[in-house]
Amino acid sequence: MKRGPGGLYATPAIVWLTVFFIAPLFIIVLYSFLRPGLRGGVEWSLTFDAYRAIANPTFAKVTLNTIVVALGATLVTLLIALPCGYYMARSKNQTLLLLLVIIPFWTNFLIRIYAWIAILGNEGFLNDMLQALGLTNDSIRFLYNRWAVALVLVYTYLPYAILPLFSTIDKFDFSLLEAARDLGASKFGAIRRVLMPNIKGGVLTAFLFTFIPIFGAYAVPLLVGGTESYMLGNLIADELTKSRNWPLASAISLVITLVTTIGVMLLVRANGANVLGGGKEASEAKAEQSAPLLNASLVALPHSGGGAS
Amino acid sequence: MKRRSSFSRAVFIGTIVFLFMPLFVLVLYSFNESKSGSWTGFSLRWYIKLFSDSPDLWRAFGNSAIIALGSALVATVIGTLGAIGVNWYRFRLRSYLRTVTFLPMILPEIIIGVSLLIFFSGLGFKLGLFTVFVAHVSFNLPFVFLLVLARLEEFDFSIIEAARDLGANDTQTLMKVIVPMTMPGIVSGFLTAVTLSLEDFVITFFVTGPGATTLPLYVYSAIRFGVSPVINALSVVMILGTIALTWSMRNFLKYIAAK
């Protein structure tokens, strides 16, 4: 590494991201401590009203719902993704299986949500089938509740979990599993005590890749949820566009940001300590973490070639 | 081993069915004659309506195309230069740039959208195509940066030294050595940026204004209150379009990488 024109090359990126990414984040921190203006905007006087408002029961209910839905959907996603990643990693047709997982993922995000409206709606595919089979006369209301939100979230983010799990399990040396079996471990025991500790990094990446977007979900609960399945994302949008309470919207955004960042830091730290036995430096742990993260995004993105092609 | 693999096989097959089933339903319904609900017969009327009688949709598509290409281009230039700087040179704020490019990947989209909306409104920017463009450059930039960086990391600094020893100045080194050999990374960064931009709904939703409806925003307004048959037809066209586009780009990338 040398001195040279590096600073010059990096200046546009530094300026752009500072102005349009970091500064806006600082502005919402500032705004969250101000008084709301009459029609949006803020008045320049310091107050903790926004944070007081977050603590009230209505908000607490939405926060709780967001946490329950996000944890539940993430857990289900991981439970489905683990065997999928395992099967793909052990397969001889990896490229084909990867394509099968990625092709639905190429479909536009809103179209994927919409497809579920077409299936679960009152005049949708499922009700149509049930009525044709004579199982029901009236259409059943599948949409606009918490279960529909969770289902569509799992559907949307499943590939986010499968891809990092696949790439980690793929790197695992399966002769270790055979060795464990030879030494008398049961099938399940070998998987739990030899495979799982080795793919912890991938599980963590998959967890974060799924949990973070689900925790900040906006479009899915908006389109397939009802009032009881409101999530924090919807609350922010309402405060911004309907109630025009910018400080409150900022404060809720800040809570999501903090939960996300603290979550990432805690998990990376816990995981780094476990995987590396705590002996190595933190920076190395971080590199270990970011590698699969980046790798997963590379595989996940349509044309970057992926690991298996 | 055998039982385990048959279990994972069953889950995998189930998952693929789960992932594809909604798309098949869309394809099926796009050919349905009636507006919604039960199947009444094969018809191409929604495709005809899509291509000949949906001016707003195509205007939205035009906006999406302009934003996607424009923001991808700017993000690619800025992101590539940033990656080159970070990979090979030492300068102040180097670790700052590395951290900042990582943040958008871990923050939920809604946070980026909300903070930009408040930022633009607070500064008195008029919301519209320009603010959408700025927002798209901002979330595309880190992806281009990381993709180009991944490519750069395969090379040794001695290549730069060799160029310098042979008398190239900084500009020549950049344009004649670094950029050509990073091309596959740059192209895949650009294409990724185009895709992300075309795909984005949440961030655009917050920073958009009158006259700046993109395709995802149009789709949103159409599906908000239930099923819309033209959107069924659009979905099928988009799915096929993405597959065709991705397929040709994969080959294009392989061709560049091989050159």
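The values are calculated or read from the model by the stated rules, or taken from the named source; none is laboratory data. Because the structure is predicted, anything quoted here is derived from the model rather than measured. Backbone-built Cβ (ideal geometry, glycine too); neighbour counts: all protein chains shown.
Tabulated results
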| item | result |
| --- | --- |
| Selection count where residues are touching a Leu at 6+ places or on another chain (Cβ under 6 Å) and buried (at least 20 other Cβ atoms within 10 Å of the Cβ), scope segment A:83-105 | 3 |
| Of all residues in segment A:1-39 being aromatic (Phe, Trp, Tyr) and part of a helix (DSSP H, G or I), the one that is farthest from the other protein chains (Cβ to nearest Cβ) | A:Phe26 |
| From B:Val114, B:Val148, B:Val137, residue being under 30 Å from the mean Cα position of the chain (by Cα) and more than 8 Å from chain A (Cβ to nearest Cβ) | B:Val148 |
| Tabulated pairs, segment B:13-38, first more than 8 Å from chain A (Cβ to nearest Cβ) and modelled with pLDDT under 90, second buried (at least 16 other Cβ atoms within 10 Å of the Cβ) and not in a helix (DSSP H, G or I), C-beta under 9 angstrom, 6+ apart or interchain | B:Lys35/B:Val227; B:Lys35/B:Ser228 |
| Neighbours by Cβ (under 6 Å, 6+ apart or cross-chain): first from segment A:18-35, over 19 Å from B:Leu103 (Cα atoms) and of a type outside the set (Ser, Thr, Tyr); second assigned to a helix (DSSP H, G or I) and modelled with pLDDT under 95 | A:Leu34/A:Pro247 |
| Residue among A:Leu38, A:Leu8, A:Leu34 that is surrounded by fewer than 16 Cβ atoms within 10 Å (Cβ to Cβ) and within 22 Å of A:Pro247 (Cα to Cα) | A:Leu38 |
| Members of segment A:110-166 found to be of a type in the set (D, E, K, R) and more than 9 Å from every other protein chain (Cβ to nearest Cβ), listed by number | A:Asp138, A:Arg141, A:Arg146 |
| Odd one out for B:Phe155 among (1) under 22 Å from A:Ala219 (Cα atoms); (2) assigned to a loop (DSSP other than H, G, I, E, B) | (1) |
| Test: residue in segment A:105-113 that is more than 18 Å from the chain's Cα centre (by Cα) and part of a helix (DSSP H, G or I) | yes |
| Within segment A:68-94, considering residues that are small (Gly, Ala, Ser) and touching a residue at least 12 places away in the same chain (Cβ under 8 Å), the one farthest from the other protein chains (Cβ to nearest Cβ) | A:Gly72 |
| Any hit, segment B:36-46, residues being in a helix (DSSP H, G or I) and under 29 Å from the mean Cα position of the chain (by Cα) | yes |
| Residue match in segment B:56-64 (condition: part of a helix (DSSP H, G or I), basic (Lys, Arg) and more than 7 Å from every other protein chain (Cβ to nearest Cβ)) | yes |
| Residues satisfying the stated conditions in segment B:151-182, i.e. within 31 Å of the chain's Cα centre (by Cα), of a type outside the set (Val, Ile, Thr) and crowded, with 16+ Cβ neighbours inside 10 Å | B:Arg151, B:Leu152, B:Leu174 |
| Residues located in segment B:159-183, provided they are of a type in the set (Ser, Thr, Tyr) and away from every other protein chain (no Cβ under 11 Å) | B:Thr182 |
| Boolean, B:Phe143 is closer than 21 Å to A:Ala13 by Cα, touching a residue at least 12 places away in the same chain (Cβ under 8 Å), within 19 Å of the chain's Cα centre (by Cα) and within 8 Å of another protein chain (Cβ to nearest Cβ) | yes |
| Output for segment B:204-239, where each listed residue is facing chain A (nearest Cβ under 10 Å), in contact (Cβ under 8 Å) with a residue 24 or more places away in the chain and crowded, with 24+ Cβ neighbours inside 10 Å | B:Phe206, B:Leu215, B:Asn232, B:Leu234, B:Ser235 |
| Only listed residue being part of a helix (DSSP H, G or I) and either within 9 Å of chain A (Cβ to nearest Cβ) or among the small types (Gly, Ala, Ser) (or both), chosen from B:Thr131, B:Thr101 | B:Thr101 |
